[in-house]
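For reference, the structure discussed in these notes is given below.
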Amino acid sequence: MCYGEEIAVGQNVGAGWQMAIGSFQARVSQVRDLTHDVRELELTLCAPKEIIFKAGQFISFDVPKEGYPYPATRPYSIASPPLISDRVLLLFNLVPGGPGSTYLFSLREGNTVSFKGPAGSFYLREDPSKRVLLVATGTGIAPFRSMLLTQLERSSAQSVTLIWGLRYEHDLYYQDELQALAERHRQFSFVTTLSRPGPTWTGAKGRVNGLIQEQVTSVRDLAVYLCGNNDMIKEVTTTIQAKGLCPIHREKYY
């Protein structure tokens, strides 16, 4: 679930592109569990039959909230690329007692849903002069999946790096997909780091900010996108800004 974007270092929030928010009806066409508490939900549009959005934007649902007379609005980033316009893919984790995830986890294939969108000023910019760095924690990978699938299909040689932080081995998903993208597109690389790995884990260890400190030696010609928990966003922003000035696009995930 994404809430609000900040852009640092002289960037204009939402500048240059606005889209009217619409109302949609859709059918749940696929439900897929990725881990013990992370699920994918594919929604095929019924009316209207097409959605136009920017990679990184979100849709929102009005869901029941226990003890309240009115529904709560919960936004979820679109994890599929804009090229696929007849359906959207959502990625979310189960939050005990959370009205949004409780509602989405209750949906089954064939159910119909209503949502509004697209919305949000956190989206992939088209600037071939910039190297792209994506930094995510948890299901903050959702908008980045849309961005990656969009960016890597462009005729551009600009480098794209993803650093993704999770906790345990049982939290891993999308690793095969990311590896396939890295093998197919030489300009793309990724690192998944675990903050609480088991003794057999041979990959990167620690928080994402540690990797940023080690691997980002220059911010010249760099555009940074951050999506995840508030602590990560604060830490990485401080680390990047200490290295110099560059665009930093940020979205908090709760």
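The values are calculated or read from the model by the stated rules, or taken from the named source; none is laboratory data. As the structure is a prediction and not an experimental result, all values here were calculated from the model. Note that each Cβ is placed from the backbone with ideal geometry, even for glycine, and that neighbours are counted across all protein chains shown.
In contact with a Lys or Arg (Cβ under 9 Å, 6 or more places away or on another chain) and either loosely packed, with under 12 Cβ neighbours inside 10 Å or within 24 Å of Leu91 (Cα to Cα) (or both): does that describe Asn230? Taking the combined requirement at face value, the residue satisfies it.
For the range 69-93, the tally of residues that are crowded, with 17+ Cβ neighbours inside 10 Å and touching a residue at least 60 places away in the same chain (Cβ under 8 Å) stands at 12. Checking each residue in the range 112-150 for being surrounded by fewer than 23 Cβ atoms within 10 Å (Cβ to Cβ) and either of a type in the set (Asp, Glu) or assigned to a loop (DSSP other than H, G, I, E, B) (or both) picks out Ser121, Arg125, Glu126, Asp127, Pro128, Ser129, Lys130. The condition of being assigned by TED's automatic domain parsing to the domain that holds Leu226, in contact (Cβ under 8 Å) with a residue 12 or more places away in the chain, loosely packed, with under 14 Cβ neighbours inside 10 Å and over 22 Å from Asp171 (Cβ atoms) holds for only one of Glu66, Glu153, that being Glu153.
The set of residues in the range 228-253 being in a helix (DSSP H, G or I), of a type outside the set (Asp, Glu), in contact with a helix residue (DSSP H, G or I) (Cβ under 8 Å, 6 or more places away or on another chain) and closer than 14 Å to Gly165 by Cβ consists of Met232, Val236, Thr239.
In the set Val219, Val208, only one residue is buried (at least 20 other Cβ atoms within 10 Å of the Cβ), farther than 26 Å from Asn93 by Cβ and not assigned by TED's automatic domain parsing to the domain that holds Leu89; that residue is Val219.
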